[in-house]
Amino acid sequence: MSLQIFKTIKDFISGMDYVHREKAASITLWEEKELENIFTILLMGSFSGIPAPPAFIAAELFPLLTSELKIFNERAENSFDTLAEMTGILSID
Amino acid sequence: MTTIIVVLGIVVYIVLFKTYGKRLEQNVVKADNNNQTPSARMYDGVDYVPAKAPVLFGHHFASIAGAAPIIGPVLAMAWGWVPALLWVWFGNIFIGAVHDYLALMASVRYDGKSVQFVASDLITKRTGTLFYWLVFFLLILVIAAFGAVLGGMFVRTPEIPSAYLMKIIAALILGVLIYRVKMNFTLATIIGILMLALAIWGGSVLPIKLSKNAWYIIMFFYIIIASAIPVNVLLQPRDYLNSWLLYFGLFIGALAAIFSFHGFSAPAFTSFSPILSGGKPTPYFPAIVLIIACGSLSGFHSLVASGTTSKQLEKESDGLTIGYGAMLTEGFLSTLVIVSVAGFGLQLMVSKGMNITTANWATNYTGSMMKSLPKAAMFTASYAQMVAATWLNFIPTKIVQIIAGMWVASFAMTTLDTTNRLGRYTFAEIMLPMKEKHESAYNFFTNRWIASIVPAFIGIYLAWSGNFTILWPSFGTANQLIASIALLTGASWIAKRQGSKSRFALIPAYLLWITVTAAIIWFTAVVLPGTIKANPVTGITVLIIEIVMLIMSFVFIIDFIKHKDDALA
Amino acid sequence: MKTVFFTGKGGVGKSTLSATLAWQLAEKGFRVLAVSIDPAHNLGDIYGKKLSFKKKKFSEHLYLQEINLEKAADEYVKANMNLMREIYGYLQSFNMDKYFSILKYSPGIEEYAALTALEKILTSERENFDYIVFDTPPTGLTLHIFALPGITLSWLERLIKIRQEILKKRYTIHNIRGKYEAKGVPLVYDEKDDNVIKKLYELQERYSLVLSLLQGKNNAVSVVFNPDYLSLKESQRLLTGLSDLGLPVQGAFNNKMTEKSGEIAEMVEETLKKDHSSLTIQRVPYRADSMQEGYKLPCDITLPFL
């Protein structure tokens, strides 16, 4: 019984710890993701009509950018649907 | 009595969560863990990591909980504690939590797209655009309402601004420790909490006394500056400290309420129309929706739930705990507020020399409260009294009061500058149609600083000159209008996509729309004329916003009914 | 190793001067490589040999080589197309991969191909030769090729900065999450593990080397012109372009001088010296019998740094 209580308390504390760690990292995570997106956008400059680096830099990096391209895709798809996301990230209420 | 109500509240929430909530989950949403959630579909181990239910719950709750669920119930006490409590409990269980849960689940089934997107998809494109306008108005009114709360509180309790200032310094240091130096996280957290405690103590020693207007000017500049600096310098570490403050305050409050065994001195019921908004008799129906927003129902939650939470949900069965459960927890917070004010409010006002009894409560509560312990101060003082009435009385009452004050102030202050960040963005979206015809004007208004100053200025100006009992309900109208659109969107999702019984959402949604629209009409026709006479600039600004919102409300409902039976594309 | 680039308008005699300098240096006993990047490929004609990318021995100390820009560009595009095909391999089942051939027309491919070849020669032949003499394409293209390493480097610098910022943020996240870090794909936060930043650094190193070789003391860019008005104008543009790029201009050659060109030659030389006072100009007389052994000009070609 007392062991059970001890375990519950331990679980609760580690849960709080986890919650708070995620809280402290949340905006940094978002920023990191956006930066990866910007990185890809810059490389794909010619695609979006902004000044682009020499094409071969993109060509050299292309095979290494699988996760960035994934993010790029996802951001492109959701770029018009960000009001709610911003509300959540800035936890406005 | 305090104990009975709190325990009863917990029981009501748990029972209804298990019955009504579960039925929603099984019959209406048809949550099924075989459906992949967006976080699982996009999983890459880096960003799209599905969060475990308790973590996401903590995250979501911290995002939706703010100062609003504390302030609304304080005002609603004018009706007596029973009507206030009824709306918090039943509004929450049958409308507010349903609203949050549906927004979350619709978004999950829509690949993590927001309620705004779902609304444009299911109703009309125009509905999506309405969100920008409503959110923009809401942001201005939030700045106004919270600015007024803070102004009053800072003057009343000069220890709080000083503690808050020290907390900002603590947050700046913590930001360096966590995000620059990359110190061990646990150690940094301990240092952060110690600094927070030091700030609270420091505030009690070194109060800062300034006039209300001076605080407004400071707030204006604070909003502009704080929303311009990188997030990990101030915003992120401060939010992190806030989250500790929130859980700590809630924990102590729950303990105190359970163990205080104190009778209620406030009347259970006063009158259907006590004096409340703008010094006018305020009818419980429809005005209650404007007074208690966050504690029982808030449109912002649909945005938070569908904006970030839906992208992290691990499995569909977690949705109920997070979407529905977090909202009930927020209702519990409002319950604590009602209990503490009902238990200790009367004595506090009398001790400040106010002429208030249970007999004249209906006519004198609002005035006495605003004069002696305005808005949040009523809560912080009652909360401190409630803690002092228990075995927790080893903590000095003054310190408890500062902790409670910091709790409210931190959330309100955070809202001011995060609101301004979002304000810039919505402002730019609203201005977009201007781009084609008046490009130079468009460029001027969407300039980062201009777009930042405009909402901050209007908001602070309203707080400066306005009457709080006007600003608070107008903030409520914007918030509840979003809620009613989101809930109708949820209903239409259930009807069109789910093919299940949409009456669970449709009935409360229509009821809500009717109530909110009636409330706006009542507020515009009955309350505002007096304000316009007394204070033309505030009155007319609010009037314009209300009329635009009223038009939007009708545009929306017409669109909704027209497209209700449309086949899906 | 020292390098010399002969630049100038088409037809002014860059190839002849390169060929002569290379021959004269080789005769003195230095190990010399003469390279033609000029699409006109006069160098091979002057030596009377058919040249290719593989270097050919001409005399005891003199080797010859030719970079075919078109071919280099083709090869570069082919390599990229193959990469695209690998990534989007399924397209082959519908024969749609051929659409990637549009890459051939991307702007800047020729310059990049030339630069890549140049870089290969500069880095691989450093130890083997005392002198490498380059015969370059006409002004515009040459300036583009010379500008490329600088532009590339400034882009690389920007990209590296963002990438470092990304890794820093990832490290912060890793540090905060601690033991709750997601299992499975690990979050790469160390520069040592991030292939993207490693590739960026590698590119940066390569282009810095090329740039430092081009801008260094052991490189000379020489301008060749004729005693006429058009040639003067182009040389002025060229000189400005070269000094903007921070390239060391050493020596100018007033080629194809005849007795009749005295006055105009004076004028051209003076105008050039007005803007570039330190320029040493050497006159090279016109040779009527240059059809045979065009690399054996009767006068000594000298440059200050030789």
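Here, each number is a calculation from the coordinates, and none is a lab measurement. Fair warning: this is a prediction, and the values are worked out from it, not measured in the lab. Cβ sites come from the backbone with ideal geometry, for glycine too, and all protein chains shown count toward neighbours.
Table for the structure above
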read-out	value
For C:Gln282, distant residues with modelled amide H under 5 Å away	C:Ala252, C:Phe253, C:Asn254
Most positive-pole-ward Cα, B:Ile5, C:Val32, B:Thr538, against dipole of the protein assembly as shown from beta carbon charges	B:Ile5
Inter-part distance where segment B:501-543 and segment C:235-306 are each reduced to a Cα centre, Å	87 Å
Value at 222 nm in deg cm²/dmol, rounded to 500, when DSSP H runs of n ≥ 4 in chain B each add -39,500 (n - 2.57)	-22500 deg cm²/dmol
Hull volume in cubic angstrom per residue (convex hull over the Cα atoms of segment C:2-285)	171 Å³
Residue-averaged beta-carbon neighbours from other chains (10 angstrom radius) around A:12-20	6
Label point 7 Å beyond Cα of B:Leu432 along Cβ direction - residues of segment B:296-323 with amide nitrogen under 15 Å	none
Rg/Rg_ref, segment C:236-302, where Rg_ref = 2.2 N^0.38 Å and atoms are Cα	1.27
Estimated translational D of segment B:387-465 in µm²/s (Stokes, Kirkwood radius over Cα pairs; 20 °C; 1.002 mPa s)	138 µm²/s
Whole-Å distance, taken between Cα centres, linking segment B:446-474 and segment B:334-410	28 Å
Cβ-derived FRET efficiency at R0 51 Å, B:Thr357 paired with B:Ile229, nearest 0.05	0.55
Value of [θ]222 nm, deg cm²/dmol, for chain C, DSSP H segments ≥ 4, -39500 (n - 2.57) each, nearest 500	-16000 deg cm²/dmol
Cα-based helix-to-principal-axis angle, C:229-244 vs chain C, degrees rounded to 10	40 degrees
Positive dipole terminus of segment C:2-285, leading residue within C:Ile197, C:Gly8, C:Pro138 (C-beta point charges)	C:Ile197
Eligible aspartates and glutamates near B:Lys371 by straight Cα distance, threshold 20 Å, same-chain separation 8 or greater	B:Glu159
Per-residue [θ]222 nm for chain A (sum of -39500 (n - 2.57) over DSSP H runs n ≥ 4, rounded to 500)	-25500 deg cm²/dmol
Number of partner chain Cβ atoms within 10 Å, mean per residue of B:172-185	3
Average Cα contact separation per residue, segment C:2-285, under 8 Å, 6 or more apart, as relative contact order %	23 percent
Cβ-derived FRET efficiency at R0 60 Å, C:Glu202 paired with B:Phe285, nearest 0.05	0.25
Simple spin-label estimate for C:Gln215 and B:Ser465 in nanometres, 7 Å along Cα-Cβ	6.0 nm
Approximate shape of segment C:188-265 as ellipsoid semi-axes (Cα gyration tensor, √5λ), whole Å, largest first	44, 11, 8
Stretchable slack from B:Val555 to B:Met1, in nm (0.36 nm times residue separation minus alpha-carbon distance)	194.8 nm
Spacing of the two label points (7 Å from each Cα toward its C-beta) at B:Ile532 and B:Arg23, in nm	4.6 nm
Selected from C:Gly246, C:Gly13, C:Gly262 as most flexible by GNM, with chain C as the system and alpha-carbon contacts under 10 Å	C:Gly262
Extended-chain gain in nm, criterion 0.36 nm per residue less alpha-carbon gap, B:Phe394 and B:Phe272	39.8 nm
Gaussian network model of chain C, Cα within-10 Å springs - most flexible of C:Lys56, C:Lys199, C:Lys260	C:Lys260
Span from the segment B:39-114 Cα centroid across to the segment B:131-182 one, whole angstrom	22 Å
Principal-axis tilt of helix C:262-275 within chain C, Cα atoms, nearest 10 degrees	30 degrees
For the protein assembly as shown, fraction of C-alpha pairs farther apart than 54 Å, in %	34 percent
Crossing angle, helix C:14-27 versus chain C [Cα axis fit, 0-90 degrees, rounded to tens]	80 degrees
Cα pair distances exceeding 11 angstrom across segment B:267-307, given as percent	70 percent
When the convex hull of its Cα atoms is projected in every direction, mean area for segment C:146-277 (nm²)	11.2 nm²
Theoretical FRET efficiency, 1/(1+(r/R0)^6), r = Cβ-Cβ of B:Ser440 and C:Arg158, R0 41 Å, to 0.05	0.85
When each of C:Lys2/C:Lys198; A:Lys23/B:Lys182; C:Lys120/C:Lys199; B:Lys18/B:Lys496 is checked by Cα-Cα distance, pairs over 21 Å	C:Lys2/C:Lys198; B:Lys18/B:Lys496
Relative pair counts by distance (%), Cα atoms of chain A, 5 Å bins	3, 11, 14, 16, 12, 10, 9, 8, 6, 4, 3, 2, 1, 0
Spin-label model distance (nm) - C:Glu293 vs C:Lys192, 7 Å beyond Cα toward Cβ	6.2 nm
Amide H contacts of C:Phe5 (H built 1.01 Å from N, under 5 Å, at least 5 apart or other chain)	C:Phe134, C:Ala220, C:Val221, C:Ser222
Computed lengthening from C:Arg237 to C:Ile151, 0.36 nm per intervening residue step minus Cα-Cα distance	29.0 nm
At 1.002 mPa s and 20 °C, Stokes D of chain B from Kirkwood alpha-carbon radius, µm² per second	90 µm²/s
